[in-house]
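Here the structure is laid out as structure tokens; the discussion comes afterwards.
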Amino acid sequence: MTHPLLERAASRGVTLDMHGAVALVTLRRPAKRNALSDGLIEALRDTFQNLPAEARAAVIAGEGDHFCAGLDLSELKERDAGEGLHHSRSWHVALDAIQFGPVPVVTALHGAVVGGGLELASASHIRVADDSTFYALPEGTRGIFVGGGGSVRIPKLIGVARMTDMMLTGRVYNAIDGERLGFAQYLVPAGEALNKALELATRIASNAPLTNYALMHALPRIAEQPADHGLLTEALISSIAQSAPEAKARVRAFLEGKAAKVQKSD
Ligand code: 1HE
């Protein structure tokens with residue numbers, strides 16, 4: 001039986017469909033370019049906090065011509081400082097549920113990936129963009145600031161200077177430049193992002209779960225630790241990962257000539 005919170009999420013515009021071990025999570029508000037209302041943000045949170053146990057990886061996609069137009073500006077009303085703080089924190093909870101949830105997440109990008117839509121994409125682990133994708137942070141020109149974790153996550157992808165430029169000048173990056181700068185790790189022809197994201201997620205789903213866990217939960221924290229702390233954390237997490245029976249079996253399979261070799265890429 002479906003979890004009641006997943007049913008509520010679907011009624012609010014976030015659906016979940018299993019493709020084998022991959023949970024496909026789709027924003028379904030195309031008439032409003034998947035603008036993120038409070039209801040949609042709560043639905044994303046509930047979905048990622050209640051993924052089916054059989055999910056080993058996830059994909060986020062957007063219905064219609066655009067991935068996501070960011071914050072639902074029609075809900076941007078006068079908030080006092082405390083209300084603004086809690087609104088921003090509610091985005092942090094939802095996007096943390098994606099970045100630090102149970103499984104790696106791939107986003108399939110197309111069309112507008114702007115404002116909060118870019119913040120959402122930045123919380124995932126791999127971004128696949130198609131040729132129609134464009135990236136912008138219109139907050140700067142709308143007199144507001146990022147509030148969904150963008151100031152923490154986006155500089156890690158493209159650097160502080162480029163994010164500052166985007167917000168000060170309203171600069172828009174196209175799909176080719178976006179991949180070159182680090183927004184997306186993959187660039188595919190228009191209409192192909194979802195297929196590529198599902199293909200990658202299926203591959204990720206076959207990894208040893210502890211390796212995926214280490215990549216999601218340990219690597220970003222190690223990268224922020226002082227070097228000597230990071231090296232100790234690395235030693236701890238790598239010793240945990242290699243001790244799993246699955247790791248032993250995979251290494252044995254290679255040594256016995258039963259596992260794939262690393263192939264030179266095209
Ligand atoms: C919206 C939104 C929205 C569209 N909130 N309703 N984000 C922005 O500043 C981006 C604003 N949106 C746009 O620039 C454009 O809509 C798009 C480039 C994304 C798409 O253009 P287009 O021509 O395909 O669609 P449209 O005709 O502009 O929009 C279709 C409808 O969606 C229209 O409503 P309608 O009732 O007139 O049909 C739009 O009003 C509506 N719509 N985007 C509300 N964002 C945690 S802090 C994060 C802060 C931010 O994200 S700020 C950036 C907000």
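The values are calculated or read from the model by the stated rules, or taken from the named source; none is laboratory data. Predicted model, so just to flag it, every value in this text is computed and none were measured. Don't worry about glycine lacking a Cβ; one is built from the backbone with ideal geometry, like all the others, and counts go over all protein chains shown. These area figures cover heavy atoms from the full protein model, side chains too; ligands, DNA and RNA do not enter into them. Shrake-Rupley method; radii C 1.70, N 1.55, O 1.52, S 1.80 Å.
Let me confirm something: among Leu40, Leu16, which residue is more than 19 Å from Gly191 (Cβ to Cβ), of a type in the set (A, V, I, L, M, F, W, C) and within 13 Å of the ligand (Cβ to nearest atom)?
Leu40
Here is a list: Ala43, Ala97, Ala53, Ala61. Which entry is at pLDDT 95 or above, surrounded by fewer than 24 Cβ atoms within 10 Å (Cβ to Cβ), hydrophobic (A, V, I, L, M, F, W, C) and assigned to a helix (DSSP H, G or I)? Just one listed residue meets the conditions, Ala97. The residues listed here are Lys248, Lys258, Lys264; of these, the one that is open to solvent by 90 Å² or more (accessible area, probe 1.4 Å) and touching a Lys or Arg at 6+ places or on another chain (Cβ under 9 Å) is Lys258. In region 100-109, what residues are within 10 Å of the chain's Cα centre (by Cα) and either open to solvent by less than 10 Å² (accessible area, probe 1.4 Å) or within 13 Å of the ligand (Cβ to nearest atom) (or both)? Val105, Val106, Thr107, Ala108 - these are the residues of region 100-109 that are within 10 Å of the chain's Cα centre (by Cα) and either open to solvent by less than 10 Å² (accessible area, probe 1.4 Å) or within 13 Å of the ligand (Cβ to nearest atom) (or both).
Filtered by the rule that a residue be touching a Pro at 6+ places or on another chain (Cβ under 9 Å) and within 10 Å of the ligand (Cβ to nearest atom), region 43-88 gives Gly64, Asp65, His66, Gly70.
If the condition is being open to solvent by 20 Å² or more (accessible area, probe 1.4 Å) and within 11 Å of the ligand (Cβ to nearest atom), then region 133-155 contributes Phe134, Pro138, Gly140, Thr141, Arg142, Gly143, Ile144, Phe145, Gly147, Ser151. The one condition from (1) in contact (Cβ under 8 Å) with a residue 40 or more places away in the chain; (2) hydrophobic (A, V, I, L, M, F, W, C); (3) open to solvent by 50 Å² or more (accessible area, probe 1.4 Å) that Ala223 does not meet is (1). Taking the conditions (1) over 27 Å from Ala55 (Cα atoms); (2) part of a helix (DSSP H, G or I); (3) modelled with pLDDT under 95 in turn, Lys264 satisfies each one other than (2).
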